[in-house]
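Only the coordinates and a few stated rules stand behind these numbers; no lab work does. This one's a predicted model, so the numbers in the text were calculated from it and none came from an experiment. Don't worry about glycine lacking a Cβ; one is built from the backbone with ideal geometry, like all the others, and counts go over all protein chains shown.
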Amino acid sequence: MFENIEEIICLGQGGSNCEIALDKFYDTYKISAYKRCFRTISECVNYVNMNPTTIGVIPYENNVEGVIAESRECLISSQYSNVKILAETTIPIHNCLLSKTTEFYSISGIIAHPNAIAHCQSFIKNEMPANLNIILADDMSEAAGMLNRYNLTYSIIGTPKTAQIYNLNILKQDIDNHTDLSMRCIIIGNLETELTEHDTTSIVLFLNDRKGALLDMVKVFVNHDINISHINSQMCDASSNQQAVFIDFDGHIKEERTRLVIEELRPFADEIKFIGSYGKF
C-alpha cells in the first residue's frame, strides 16, 4: 500500500510523540521516504490533501482528554476531501524534564510548549521552585534550540527521544499529571487500504437534531451484529440545528455488511462522510 509514497510528514519535531509514532510506522512497514515536520495539525492535513504521494502522522486522541478537536474537524472538512485514515497506533506518552545539567535541584527555569506545561502542571507546582521562570516555545525542537541561550539551570519538557536527539540528560521521568497516559495517532493519506484481521471503519453523519435519531442509527448496527467502538456527536455550529455524529465501528469498507450498514444509515442523515477503513500497527 505504501510502496509509492515519497514523503511522510508529522506534527512536531525534536522528539515529538508523533515522531515516535512515525518511527514505529517505519519499523512496521519497512519503508523509506523523506520526512518533513509541521507545527500545526491543519498544516499537516492540508499538505497531505494537496500531495497524493505524501502520508502524514497526526495525533487523534489521548486517553485522558479524549479526541483532539482540530484533528477531527480537519478530517470532516470538505476542503480536505482527499484525506482519509489509513492506519492507527497507540503510543505511551513519557514526558520528561530534560537539561544539559545532571543536577535537578539546580533548575531555575523551564522552556516548553503551553500544552506540555499544562500536562505537567502538578509536577511543576509540587516539585519545582515556586519562583520557576517559565518560557513558552512552539514545539520541542524550538525549546531545545532555546536551551542553548540559557545557562545550565534551565530545562525543557520533552520525550526520551528528545533527550537522545539533543544529547540532554533526563532529570525526571514521567512527569505528566496522569499515569499511564497514551496517545492514539493516525496515518492519513489518499490511498486505498486492504483488509486486515482487525479493521475499524470511521464515518461521520450530518443530521438534523431530532429526538431519537441516535437510537435509530445504533439499531442499524445492532441489526447487523456490528460492534460500535466509539460514538460521539456535536453540534455543527451555533446557528444550525445540524449535528455531526462520529462513529467508529468494526469492519472494512470492502466488506459487504459494512457497505450495507452505511447504505441503511443514509435515510437518517443529510450527508455521510467516509473517513477511512484501517488497521492498527
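What to note about this one:
- Folded to 0 to 90 degrees: helix 17-29 orientation relative to the chain principal axis, Cα: 60
- Normalising the Debye intensity of the chain to I(0), with uniform scatterers on Cα atoms only, and taking log10 at q = 0.07, 0.09 Å⁻¹ returns -0.31, -0.50.
- Neighbours of VAL64, meaning other residues whose beta-carbon lies under 15 angstrom from its beta-carbon, give a summed charge of -4 when Lys and Arg score +1 and Asp and Glu score -1.
- Look at the alpha carbon pairs under 8 Å that are at least 6 residues apart: their mean separation over the length of the chain gives a relative contact order of 24 percent.
- In terms of overall dimensions, the C-alpha atoms belonging to the range 200-274 reach 38, 20, 19 Å along their principal axes, ordered largest to smallest.
- Exceeding the 22 Å Cα-Cα cut-off - candidates LYS84/LYS211; LYS30/LYS280; LYS211/LYS254; LYS24/LYS254; LYS100/LYS161: LYS84/LYS211; LYS211/LYS254; LYS24/LYS254
- Cross-link partners of LYS125 among aspartates and glutamates (Cα-Cα below 19 Å; sequence separation of 8 or more within a chain): GLU103, ASP174, ASP176
- The amide H of LYS35, built 1.01 Å from its N in the peptide plane, has ILE8 as neighbours under 5 Å, considering only residues 5 or more places off or on other chains.
- Tensor-based shape of the range 46-91 (alpha-carbon gyration tensor, a/c under 1.5 rounded, otherwise prolate or oblate): oblate
- Applying the Karplus relation 6.51 cos²θ - 1.76 cosθ + 1.60 with θ = phi - 60° to the range 255-271 yields 3J(HN,Hα) values of 8, 4, 5, 5, 5, 5, 4, 4, 5, 6, 7, 4, x, 8, 10, 6, 7 Hz, where x marks Gly and Pro.
- Shape class of the range 96-155 from the alpha-carbon gyration tensor: oblate, with a/c at 1.5 or above and b/c at least as large as a/b.
- Sequentially through the range 123-133, phi angles give Karplus couplings (6.51, -1.76, 1.60; θ = phi - 60°) of 5, 4, 5, 8, 10, 10, x, 5, 9, 4, 8 Hz, Gly and Pro residues having no value and appearing as x.
- Net charge contributed by nearby residues that have their C-beta within less than 14 Å of ALA118 (K/R +1, D/E -1): -1
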